[in-house]
Amino acid sequence: MNKNSSNIMALAPNTSNKRETVCIFGTGDFGRALGHKLIQSGYPVVYGSRSTQISNLIPKDAEVLGHAEAAQKAAIIIIAIQRQHYNFLTPLAEVLRGKVLVDISNNLKLNQYPESNAEYLAQLLPGSKVVKAFNTVSAWALQSGTLDASRQVFVCGDDVEAKQMVMDIVRALGLTPLDKGSLLAAQEIENYPLQLFPMWKFPIFLSFGLGAFFFIYCLVLDVIYTYIYEKNNFSFFIAITIPNRVFPVMALILLALVYLPGIFAAIIQLYRGTKYRRFPDWLDKWMLCRKQLGLIALAFASLHVVFTLVTPLRAFASWRTSKRIVSQALNNKTEPLDHTNAWLSDSYLALGILGYFLFVLLGITSLPSVSNNVNWREFRFVQSKLGYLALILCTAHTMIYGGKWFLSPSAYKWYLPDIYILSLIVPCAILVVKFVLIFPCVDKPLTQIRQGWERNPKYSE
Amino acid sequence: MNKNSSNIMALAPNTSNKRETVCIFGTGDFGRALGHKLIQSGYPVVYGSRSTQISNLIPKDAEVLGHAEAAQKAAIIIIAIQRQHYNFLTPLAEVLRGKVLVDISNNLKLNQYPESNAEYLAQLLPGSKVVKAFNTVSAWALQSGTLDASRQVFVCGDDVEAKQMVMDIVRALGLTPLDKGSLLAAQEIENYPLQLFPMWKFPIFLSFGLGAFFFIYCLVLDVIYTYIYEKNNFSFFIAITIPNRVFPVMALILLALVYLPGIFAAIIQLYRGTKYRRFPDWLDKWMLCRKQLGLIALAFASLHVVFTLVTPLRAFASWRTSKRIVSQALNNKTEPLDHTNAWLSDSYLALGILGYFLFVLLGITSLPSVSNNVNWREFRFVQSKLGYLALILCTAHTMIYGGKWFLSPSAYKWYLPDIYILSLIVPCAILVVKFVLIFPCVDKPLTQIRQGWERNPKYSE
Amino acid sequence: MNKNSSNIMALAPNTSNKRETVCIFGTGDFGRALGHKLIQSGYPVVYGSRSTQISNLIPKDAEVLGHAEAAQKAAIIIIAIQRQHYNFLTPLAEVLRGKVLVDISNNLKLNQYPESNAEYLAQLLPGSKVVKAFNTVSAWALQSGTLDASRQVFVCGDDVEAKQMVMDIVRALGLTPLDKGSLLAAQEIENYPLQLFPMWKFPIFLSFGLGAFFFIYCLVLDVIYTYIYEKNNFSFFIAITIPNRVFPVMALILLALVYLPGIFAAIIQLYRGTKYRRFPDWLDKWMLCRKQLGLIALAFASLHVVFTLVTPLRAFASWRTSKRIVSQALNNKTEPLDHTNAWLSDSYLALGILGYFLFVLLGITSLPSVSNNVNWREFRFVQSKLGYLALILCTAHTMIYGGKWFLSPSAYKWYLPDIYILSLIVPCAILVVKFVLIFPCVDKPLTQIRQGWERNPKYSE
């Protein structure tokens, strides 16, 4: 509702004259957009500018004055100019003493300067109260009113009252202030809008690489091999058949990769006999992107489910069914039900569905609003217990699907195993090691280590 | 949650850890419900009432006194009476001076009075500190304890300490206070509980209208035409076949309507040469309900997916399959695999699945808790790049599905095109115009305009 | 993004020396983990310990002093020792006067002590400002940096400034503080990490019990009966056929159980003529777990959908189709389309899909981030109106599925009804009673009662 109701508010200007004047230094794009929105929300706005010519770009209800005069009219001054021009503010230090300065600047690169823009401003004008805000909001969105995305405005600053005043303005504009603490947080807030899914990069590249490899592997075995040796053109397998062999393999491998770093960590801790030494860097990074790996695995699993379910709708499937049945009819006989086959087919389907169901449950639990509502015990129960159960079910699903092909030599075209066999290596290894790790003789020391116990405590004097 | 934490500001320390007495004026339903809940949470409650008779409706641990005596016992007075009776409080102004008055009233209509009830109360009693709270909570839910829905209590007021005291009570009742700023926000807070999906109305009416039109169109072409000219009664098509023709058409058109206003906006800005003039009202409103349009499109797409997947379970499908295979068997021949057909069938299925997959991704990103966790750059990447990709895939899915029917005259019953052809008009137009817009010679000026550049900047003197 | 950016921050220690020294009493596991993290975030840390020997367990940048000396160095002291040792702090009362003491302790059992640990600490040291915090964060997660789950830190305390200081530290560690009000909330905060889905226990046990009963019921009728009387071994039905009979039955019954307590409540209120008497305890508890019941019902419904959709992929289904078609081919005839059957099959599928669709909508609305964005009116519209519509559609789906079997005596093996008949009892009863309740002559008094009216108001003198 926040979104809706405040959009409505934005469309119907609030003409109350209780709002206090806000001063904006700088008539650039963001300064103008913010001014428009402030005026719409009932704030008197005065611009501080070198040229006091009134441009038609500036909202027509705003006043334009010189910097010093403009600053005197307001308790809050929004600094809508770029960092490299901040030093022109130094001569105004006396006028700005005790005022609230709102730094809304962004950089072009992550960690472009040694200190954040807001801290730099605070150093230049130690008598003013600097608050960082608004930099995460897009000028374009602010102006067009189409704030569909996050309405959160990160606010930080050392002066609590100043922060409060800025947060009141944020709320009046229909946005949600989020206090990020002292001005030390400004660096993080300035880096924030420059990020593009930083935690997703490695998992996505990994999936692309693995996916491309398996796609080509399947293409060679299923299309090219068949074309060369059986003279059959199955090039249309590229659309559904091959993706539907690659997707489940990717899902299983990526799900296994979610649990592999935990196994490594346990082994390292058991070997070292302590938890108080840092893991190698690659392991730390791997552990931090487990959630993303899991969600990509879930995406592949979902695609596998839908690609499998459309099978009966495919022209190829319908042709194959016809062919099979017609040949039975022409031979004047009906095949009896093969009970083993019925068991295998039903059980691998059932295992797959249950595994996928748990997988979706894990995905739902990782939604921010859900994971905020569970405590650690609950989160670990879901992600660890149910996660391993999902891995076991999916591994069993793949194994039973393979069934007797495993041992049949004709399944090994060009002596290469089918990809579902490749996909089983990592999950099976994990399940075996995990099985060893839950034996009491291994589990007990590990639990002790994780509770702070050390095998070789060395005290320095 | 994040929102909540930003509410907290350093204020005068609260040194007591005993609950302080709360006074409630009015023994109506909400007053009694709130009193019950306050007593349950350990607050001493005193009612201010004209009749000091103790009704059995009033919680038995509460005291009932005259208004003046009751007010003297507490620092916080909850005004559980209707706005039209507020003027009886004027004689109590002296007793209420400096007290925190909590306005919990709601109106019967949106913007019923020129000023909000809370502001009216503050005008009547300028010596008191008015805080708006609790009006978004239902008395019935408060009493029955079944607060499944939002536990958020919007709080606003001009006195920060008073607000803090009320927010502490809110927390003690197991609810989550959400600071909405100064008392100016009271109007919005009072309108909030009266809304019933205001942003959804237009998209839902539009979908109903369009849906009904396409349903009747299909009914005429598929059932009535067939009945008249082919003497076949396919009335059961109403249950699945026709909905499954209407749903994908609706999904594609509504998805296209999400991207159409952006195209219009770009053209208008290019034509005007500036972004500093407001869009026409209809365009503004359209842009504000794009999220809702997209979610309804997703709902139709999901229904289309499930309706398609159940096809093999239908008695009609099973009869059609039998008929086709039996006729092959009786003719003693098996049809060979039609490779073109296999390619077409597989590729339109694959395109549809991938388009739907991206569509679901867009839907997940629009969940409030997810969109709060992405920044603008990420949000625009998903909603714009991935959104257009989804539109392209779904349009291609529909085109390949149509395949050769396009040119076959027998497909035009009563010279009317099939609805999938109608559904392609808007998406294709959008994709063509978008393709033009990303040409550098068009994209460059547009980008400049959106960064604040003007073609004809006119300075007034 | 919170998660991502703060993870990154955690990996790159911020060495700013602006942070104020934090003192930690106790060098146990949590004390060390917190110290590590504080040092990474740029806080100077001093440990207060009985032995001032420097263990290699303690972060190497931290100082270790006696308790009194350590406490003098910092304004904030984190008490990382167990409650039973709190009394050793009493002699330090003078040193700790005016300091902020952060209680991070947890108990082993719910409500283990009469008062919370934080309140006990505040009683022991009345001159200090006690703040409860950090107890919901896992030491292991804090150290390994893998805070995938909730980053929320509940904070409560009576001194607002002290709370503010602790919340700044929480933010600096990349966590999100959540103010829970005064120290009275400490009991709740200490109980929080000990919970394991408390609201889910009853619904999950109920579903297990009911599910097991129906599974065995089906096993007897479908497998054992068939084996005894028809000598057919259909044991593979255990994998898919029987679960897919049990799941929809469970989904329908649990969905009905969501609406049953509301019906009971209405009848009780009509009978009593007042809403001001508490419901029986069992009804209260039932009403509080309706959301969980509904979500489990949705899980069963989802499993039913997928189990149904895989039907054409089953070896058994493929064998049955072949058999049917081959026998038609051998008899040289094609069966005509049975229109009644086509209607029934299509309409029960369509009703089921629409019912499931509404069901999913209800599920999405119950996500915390979505339900926080709807007001009471909207929430009740969705959960009550759409919920009943879903129940009606699902009941109709089941009835039409049953179709003519109802009256056929051969459907009653061992005189036992099929489970889909059993599943209809509760929903049909609810729909009938609900239909009576919406008659004006019943609805009007009920509405009045819910607005606070009483049939027999009794005033005591």
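Quick look at the values:
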quantity: Criterion (of a type outside the set (Ser, Thr, Tyr) and under 39 Å from the mean Cα position of the chain (by Cα)) met by exactly one of C:65, C:110; calculated: C:110
quantity: Within region C:385-397, tally of residues that are surrounded by fewer than 21 Cβ atoms within 10 Å (Cβ to Cβ) and without any contact (Cβ under 8 Å) to a residue 60 or more places away in the chain; calculated: 6
quantity: All positions within region A:166-190 that are within 16 Å of residue A:119 (Cβ to Cβ) and either touching a Ser or Thr at 6+ places or on another chain (Cβ under 7 Å) or among the aliphatic types (A, V, I, L, M) (or both); calculated: A:183, A:184, A:185, A:186, A:187, A:188, A:189, A:190
quantity: Those residues of region A:411-428 which are of a type outside the set (Ser, Thr, Tyr) and without any contact (Cβ under 8 Å) to a residue 40 or more places away in the chain, in sequence order; calculated: A:411, A:417, A:421, A:425, A:428
quantity: Hits in region A:190-214 - residues which are within 12 Å of another protein chain (Cβ to nearest Cβ), part of a helix (DSSP H, G or I) and crowded, with 16+ Cβ neighbours inside 10 Å; calculated: A:190, A:191, A:192, A:193, A:194, A:198, A:199, A:200
quantity: Residue match in region B:95-105 (condition: in contact with a Phe, Trp or Tyr (Cβ under 8 Å, 6 or more places away or on another chain) and buried (at least 17 other Cβ atoms within 10 Å of the Cβ)); calculated: yes
quantity: Criterion violated by residue A:218 - all others in (1) assigned to a helix (DSSP H, G or I); (2) more than 14 Å from chain B (Cβ to nearest Cβ); (3) under 30 Å from residue A:383 (Cα atoms) satisfied; calculated: (3)
quantity: Selection count where residues are open to solvent by 40 Å² or more (accessible area, probe 1.4 Å), under 14 Å from residue A:84 (Cβ atoms) and in a helix (DSSP H, G or I), scope region A:112-131; calculated: 2
quantity: Cβ-Cβ under 8 Å pairs, at least 6 apart or on other chains, region A:59-84 side in contact (Cβ under 8 Å) with a residue 24 or more places away in the chain and part of a loop (DSSP other than H, G, I, E, B), far side surrounded by fewer than 19 Cβ atoms within 10 Å (Cβ to Cβ) and acidic (Asp, Glu); calculated: A:73/A:63; A:74/A:20; A:75/A:20
quantity: Region C:438-461, subset among the charged types (D, E, K, R) and part of a loop (DSSP other than H, G, I, E, B), residue modelled with the highest pLDDT; calculated: C:455
quantity: Sole exception among (1) open to solvent by 30 Å² or more (accessible area, probe 1.4 Å); (2) within 7 Å of another protein chain (Cβ to nearest Cβ); (3) under 17 Å from residue A:296 (Cα atoms) for residue B:361, by number; calculated: (2)
quantity: Residue within region C:332-345 that is open to solvent by less than 60 Å² (accessible area, probe 1.4 Å) and under 13 Å from residue C:243 (Cα atoms) present; calculated: no
quantity: Residue in region B:222-264 that is farthest from residue B:382 (Cα to Cα), counting only those that are buried (at least 17 other Cβ atoms within 10 Å of the Cβ) and among the hydroxyl-bearing types (Ser, Thr, Tyr); calculated: B:241
quantity: Test: residue in region B:138-150 that is within 13 Å of chain C (Cβ to nearest Cβ), touching a residue at least 60 places away in the same chain (Cβ under 8 Å), surrounded by fewer than 23 Cβ atoms within 10 Å (Cβ to Cβ) and of a type in the set (Phe, Trp, Tyr); calculated: yes
quantity: Residue within region A:73-87 that is open to solvent by 60 Å² or more (accessible area, probe 1.4 Å), under 22 Å from residue B:452 (Cα atoms) and within 14 Å of another protein chain (Cβ to nearest Cβ) present; calculated: yes
quantity: Meets criteria (more than 9 Å from every other protein chain (Cβ to nearest Cβ) and modelled with pLDDT of 85 or more) for residue B:321; calculated: no
quantity: Failed item, numbered, when residue C:326 is tested on (1) open to solvent by less than 40 Å² (accessible area, probe 1.4 Å); (2) facing chain B (nearest Cβ under 7 Å); (3) among the β-branched types (Val, Ile, Thr); calculated: (2)
quantity: Entirely in region A:334-387, the helices (runs of 4 or more DSSP H) that have 1 or more residues that are at pLDDT 90 or above; calculated: A:339-365
quantity: In region B:221-233, the residues that are within 42 Å of the chain's Cα centre (by Cα) and not in a helix (DSSP H, G or I); calculated: B:233
quantity: Residues (facing chain B (nearest Cβ under 7 Å), among the hydrophobic types (A, V, I, L, M, F, W, C) and under 17 Å from residue C:167 (Cβ atoms)) located in region A:170-186; calculated: A:178
quantity: Boolean, residue C:349 is open to solvent by 30 Å² or more (accessible area, probe 1.4 Å), hydrophobic (A, V, I, L, M, F, W, C) and assigned by the TED database to the domain that holds residue C:208; calculated: no
quantity: Residue within region A:162-178 that is of a type in the set (Asp, Glu), in the same structural domain as residue A:39 (by the TED database), part of a loop (DSSP other than H, G, I, E, B) and open to solvent by 30 Å² or more (accessible area, probe 1.4 Å) present; calculated: no
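The values are calculated or read from the model by the stated rules, or taken from the named source; none is laboratory data. Keep in mind it's a predicted model, so treat the numbers as computed, not measured. When we count neighbours, we look across all protein chains shown, and the Cβ atoms used for this are built from the backbone with ideal geometry, even at glycine. Side chains are part of the model used for accessible areas, which takes the heavy atoms of the whole protein and leaves out ligands, DNA and RNA. Shrake-Rupley method; radii C 1.70, N 1.55, O 1.52, S 1.80 Å.
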